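Right, one structure below, let's go through it.
No lab work stands behind these numbers, since they all come straight from the coordinates. Source: prediction; values computed, not measured. For neighbour counting, all protein chains shown are included, and Cβ atoms are generated from backbone atoms with ideal geometry for every residue, glycine included.
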Amino acid sequence: MLREIQVPNASVLLQQKFASIVRHVERLRSQQREALRQAEGLFQALLHEAFQ
């Protein structure tokens, strides 16, 4: 049964392109997390100023 399953074999070029896209997406996600962390810190500072 397992011998009947055909597994596609992507070219090295396609695998490299995919890996590059994944690295880019991970970098964007990391930047987004950092921006969110900074925004939350700024919001907390604003709340502190407004209600002290």
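Based on Cβ point charges of +1 for Lys and Arg and -1 for Asp and Glu, what charge dipole magnitude is obtained for the chain about its Cα centre, in debye rounded to the nearest 20?
Numbers: 7 positive and 5 negative charges, 61 e Å.
That gives the chain a dipole magnitude of about 300 debye.
Given the rule -39500 (n - 2.57) for each run of at least 4 DSSP H residues, summed and divided by the residues of the chain, what is its mean residue ellipticity at 222 nm, to the nearest 500 deg cm²/dmol? Each step should come with its number before you reach the end.
Details: 1 runs with 39 residues, N = 52.
The helix contribution divided over the chain gives -27500 deg cm²/dmol.
Taking only the alpha carbons of the chain, what extent do you get along each of the three principal axes, in Å, biggest first?
Principal-axis extents of the Cα atoms in the chain, largest first: 70, 28, 6 Å.
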